Structures are given as structure tokens and as C-alpha cells.
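The values are calculated or read from the model by the stated rules, or taken from the named source; none is laboratory data. Please read all numbers here as calculations on a predicted model, not as lab measurements. Quick reminder, even Gly has a Cβ in these numbers, built from the backbone with ideal geometry, and neighbours come from all protein chains shown. Calculation scope for accessible area: heavy atoms of the full protein, side chains included, ligands and nucleic acids excluded. Shrake-Rupley method; radii C 1.70, N 1.55, O 1.52, S 1.80 Å.
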Amino acid sequence: MALKNINPTTTNAWTALTNHFNDIKNIQIKDLDKDANRKEDFSLEFDDLLVDFSKNRVTKETISLLLDLANEVDLKDAIEKQFAGDVINVTEGREVLHTALRSTSDEPVLVDGKNVKPQIQAALRKIKSFSNKVISGKWKGYTGKSITDIVNIGIGGSDLGPDMVVEALKFYKNQLTPHFVSNVDGDHVSEIMKTLNPETTLFVIVSKTFTTQETITNAETLKNWFLKSATIFDIPKHFVAVSTNLEAVDSFGIDKSNVFPMWNWVGGRFSLWSGVGLSISLSVGFDNYKELLEGAEEMDLHFKNVDFDKNIPVILALLSIWYNNFYGAETEAVLPYTQYLSKLPDYLQQATMESNGKGVDRNGEKVTYQTGTIVWGSTGTNMQHAFMQLVHQGTKLIPADFIGYKESLYGLTDHHKKLMSNYYGQMDALAFGKTKEEVHLELKFSGDEDKIAKLLPFKVFEGNRPSNAILFDKLTPRSLGKLIALYEHKIYTQGILWNIYSYDQFGVELGKEMAKKLLNKS
Ligand code: F6P
């Protein structure tokens, strides 16, 4: 059954939210924080995850009205439809089943009347056995040597997910050296190529369609480079593919047994849980990859089963709607306080902006309200010395997610204490700011009144800048799986509330067509 089709601005909740916004728009986080129960009332816990959303310009009434909005557009029904395998990607006529990829339940998920779970399990078994062979050194290259380097050739969803996760789980990595080639810029592939030995390199070509210009160009270049030292009969030992397009894979020269399946019911930007995750499994081992999937499944069950007022992805999505559609915030920052998550903002840009960057609603009509937030960010504490000036004192309202971990992985406690004091310090500074009086008091001891008066306006922090503290115990494959799934569900929730289709991406096509035309002319 199709998704419901409700313009959010026509709901009673929207009208109530608009009135409520007019009443509370100048509310100060500082004042809200005076309530001794604020933190407790505006925090959610789930296993090793704590989300504190108390530093937002919201009251209990705001949350309750936002929840009314979720109920009025029947978010529950949309969630059930996604998990059940309904064709919710209507414009492409597809199911959206990344959740099935990590489901360990025996409950069947039907696509065209056929349970897809056995195929998923078979693919996972294949990933496991292949990864084990390569990691243990049993898989030999054409001169009998074991594999030392893996090159993931893909772009967009066939690159960003695996690349981000491999970087995030670096601590859990084995002896293999992973590389990621994505850009059609020949300098990208050339830089990587010069570090490789064809005898010990495994190429993983990841392309759902196997027609993507960048990926096929890079794959051909690397194949030609490989064939300078080897023969076409050696290709099966060095080239594997992840794709739905078996014909194209075959004509590229890849052995059938070296193809890992992809399915049309998994969107590219939600595919790291499928064969697209092969580079992850090769880099950190199948057990860690499996744990990543298990963490994601835990978040899936939370999203599917927990009431919306306690549901982390739903609450984060609603807060984002509050700022986007009522306060007119254009962007959101994602700020992980761990260097391991340096690629998360890039990954979330595709997941969020390719999904919800839509200007037409599910009726096919132009929307009259803002959709898709712009996501950007970088790791703390580096970004404090880069763009945080603007977030603290600039003219724009930028809600921010601060992602942190109670424990570090190597246990340098002195570093971690400093890191986490910055994590909390930034959120406090954003929320509470510094008043004229406070600045005056500070300057009083260091200068004359004239100097103070001149300097004072520049040193004031207005504060009242919202943030969410997303805090895990530790960065593990499991907690990472949870974090990624959390954002996936936040994205879907927003798409439902905005009455748009989140799982197509026609907006990327026109530029590709133009480039093709220009290439043919040149
Ligand atoms: O950028 C458009 C897009 O279709 C993405 O959605 C996708 O992740 C990427 O290109 C790569 O596509 P493929 O896996 O088919 O090469």
C-alpha cells in the first residue's frame, strides 16, 4: 500500500505549532534550564546511548505539538509500511528494505511475493567466507602472494558508506590496507595506483547499476593498469564486483562467482549493510561487520516499536523540523568529538540531502514550505578552531548535533578529559552565552572604562543556540551501527512529515546528461 499523502501545513498540529511558535519564539534556553528537571525530562536513553535534547528552544508543549504532527500525518503507518516491504519508493516503483538487510528475525519480508531473507543470509555468508579467505591470506593473487591492499571503486552510496565506516572503525582494522577511489578525476586514481602492487591488490568494484561513469572509468583504468603486469586469466583473482547488473559485470570480465549481490529494493545511500559493505568486512573482519549490522537492527527495533515520545530518531527529526520550518534555520551541523568520525558529515550529506532535497510533494505538487536541511560539519575539537566562531556569534541559527563517547579507545584519559570538557563546554557556551554584565565584570580588572565600552559588544555571546548531545559509551561497531541507523530513520521521518519521497534522486540526473552531451561533442 502506498504512503499517505498529507500536506503537513494543512494539519491542525501545524496551525497549533504556528501559534505556539509565535508565543514562544523568543524563549531562552537559559531560562528553560532553570527547571531542575529539565535534563531528565528532555533526555532519552537507549542501551549505551544517551540523547540529551534539553538545550533546545522547546517546551513540553512544543514536543507534544510536534508529536501531534507526527500522529496526524500517520508516521506510524509509514514506518510499518517501510519495514513490511511496501512499495514506498513510488516514483521508482521499489520497496525500501535496508532494514531487512540487518534483520535477524525469522519473520519473512516479501518482495513480489517472495521472502528476501534467505537471499540476504546467503549474501552475508558469501561476504563472510570471502573476507575470511582474503584476511587469512588463503586467497592468493596471480603470483601466489596473499592480498595486502583492497581498492573499493565506487561513488556516492557505493563509496561514502564503506569509506566512512572503515575510517570510523580503524581501531578494529586488520593488516589489509583499504583504499577508496571515487572521483572521475584521473589524479585521484593515479595517486592510489602508484602505491599499489598488482600482485597483491584486490579490486572491489561497487556499483548498483554498473553504468556509473566515474566507477566504470576508474575500474577500466585500474584493469588496464593491472593487465600491464598480468593477463585476463588473472582477473578472477583480483577483481570482484558488487552490483545488480550481472550482464555488465560479466562483460567487464568478472567471474560470476566473484559477484556479490545488490538489490533494487536497497537504495545506494542505504546500502552499506549489503554487499556494498564488503570493503568494511575485509578491513575489520566479518565479526565486526556483523556487529555493525546488529547495532543497526537494535536501532531499527527501537524506531519501529518505541512510542514516539521516547523514540530517538523521531524526536531528533521533529526538533529538526521545528528549526527548519518554524525558526527558518537552513542548515544543521553534525559535530563528532572523535577523529574516527571525520567522514560522517560527508556521509550524512548524501544520506540526508539526496533523500530530502525535494521540492515536489507526494501529490506531485510544488511544496510551499521548506524541506531538506543542509547538513555539514567536522570533528571536535578541530572545528572549534575553524568554523565555530560563526556558530557562536554569527547571524545564523545553526542547530548542532554533538556526538561524543564516554570512553576513548586507546585510553589516553588526559586527552579524553580535555576532549569531553570541550564537548560539553561548546554546548554550554552555545546555549547560555555570555551577557554584557558578565563581560563587563571580566574586563573590569583588565582595562579602563573607555576601553571596556569599546570592546564589550564584541565579547558578548547571545547564546540560545540549540544543540543535541548524542552520547555513547564507546565507539564500537555496534554503537556505530546504531548511530548510522538513527540518522537513516531521522531522514525517513522527516521525509514523511514533509510529504515528499525520500528514496529517489532524480535531481542528480540532469547534470549527468549534460556532461554526457558535452563529452560526446568534444
Ligand atoms: O549520485 C547518484 C547515485 O545514483 C547515488 O544515488 C548512488 O549512490 C551513486 O550514484 C552510485 O550509483 P551506482 O552504485 O549505481 O554506481
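Below is a table of values for the structure above.
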item: Sole exception among (1) surrounded by 20 or more Cβ atoms within 10 Å (Cβ to Cβ); (2) more than 16 Å from the ligand (Cβ to nearest atom); (3) at negative phi for THR331, by number; result: (1)
item: Close pairs (8 angstrom Cβ cut-off, 6 or more residues apart or separate chains): within 27 Å of ARG94 (Cα to Cα) and small (Gly, Ala, Ser) in region 503-522, open to solvent by less than 100 Å² (accessible area, probe 1.4 Å) and within 9 Å of the ligand (Cβ to nearest atom) anywhere; result: GLY507/GLU354
item: Region 437-460 residues that are assigned by the TED database to the domain that holds HIS392, paired with ones that are of a type outside the set (A, V, I, L, M) and outside any helix (DSSP H, G or I) (beta carbon under 8 Å, 6 or more apart); result: none
item: Filtered residues of region 258-279 (kept if farther than 23 Å from HIS179 by Cα and away from the ligand (no atom under 13 Å from the Cβ)); result: TRP265
item: Set PRO198, PRO178: member being under 26 Å from TRP273 (Cβ atoms), of a type outside the set (Lys, Arg), away from the ligand (no atom under 16 Å from the Cβ) and in the same structural domain as TRP139 (by the TED database); result: PRO178
item: From the options GLU214, GLU220, GLU247, residue that is crowded, with 19+ Cβ neighbours inside 10 Å, within 16 Å of the ligand (Cβ to nearest atom) and over 17 Å from HIS98 (Cβ atoms); result: GLU214
item: Segments classed as helices (runs of 4 or more DSSP H), wholly inside region 1-107, with at least 3 members that are closer than 30 Å to TYR424 by Cβ; result: 12-24, 29-32, 38-41, 60-72
item: Unique residue being open to solvent by less than 30 Å² (accessible area, probe 1.4 Å), more than 19 Å from ASN468 (Cβ to Cβ), at pLDDT 95 or above and of a type in the set (A, V, I, L, M, F, W, C) when the list is LEU97, LEU66, LEU49; result: LEU97
item: Test set (1) assigned to a loop (DSSP other than H, G, I, E, B); (2) open to solvent by 20 Å² or more (accessible area, probe 1.4 Å) - LEU390 fails condition number; result: (1)
item: Residues of region 186-232 that turn out to be touching a residue at least 60 places away in the same chain (Cβ under 8 Å) and on the phi > 0 side of the Ramachandran plot, as a count; result: 0
item: SER207 being among the hydroxyl-bearing types (Ser, Thr, Tyr) and away from the ligand (no atom under 16 Å from the Cβ); result: no
item: Selection count, region 346-374, where residues are assigned to a strand (DSSP E or B) and either over 22 Å from the mean Cα position of the chain (by Cα) or within 16 Å of the ligand (Cβ to nearest atom) (or both); result: 2
item: Members of region 344-373 found to be among the hydroxyl-bearing types (Ser, Thr, Tyr) and out of contact with any Lys or Arg (no Cβ under 8 Å at 6 or more places or on another chain), listed by number; result: TYR347, THR352, THR368, TYR369, THR373
item: Any chance TRP273 is out of contact with any Asp or Glu (no Cβ under 9 Å at 6 or more places or on another chain), in contact (Cβ under 8 Å) with a residue 24 or more places away in the chain and not assigned by the TED database to the domain that holds HIS489; result: yes
item: Test: residue in region 480-492 that is in contact with a strand residue (DSSP E or B) (Cβ under 7 Å, 6 or more places away or on another chain), closer than 29 Å to SER320 by Cβ and open to solvent by 10 Å² or more (accessible area, probe 1.4 Å); result: no
item: Residue count for region 133-149, restricted to those that are touching an Asp or Glu at 6+ places or on another chain (Cβ under 7 Å) and more than 17 Å from ILE235 (Cβ to Cβ); result: 0
item: Sole exception among (1) polar (S, T, N, Q); (2) open to solvent by less than 10 Å² (accessible area, probe 1.4 Å); (3) more than 30 Å from THR371 (Cα to Cα) for SER274, by number; result: (3)
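Residue by residue, here is whether (1) at pLDDT below 95; (2) surrounded by 15 or more Cβ atoms within 10 Å (Cβ to Cβ); (3) under 24 Å from TYR503 (Cβ atoms) holds:
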site	(1), (2), (3)
LYS256	yes, no, no
PHE260	no, yes, yes
TRP263	no, yes, yes
PHE286	no, yes, no
PHE303	no, yes, yes
ASP307	no, no, no
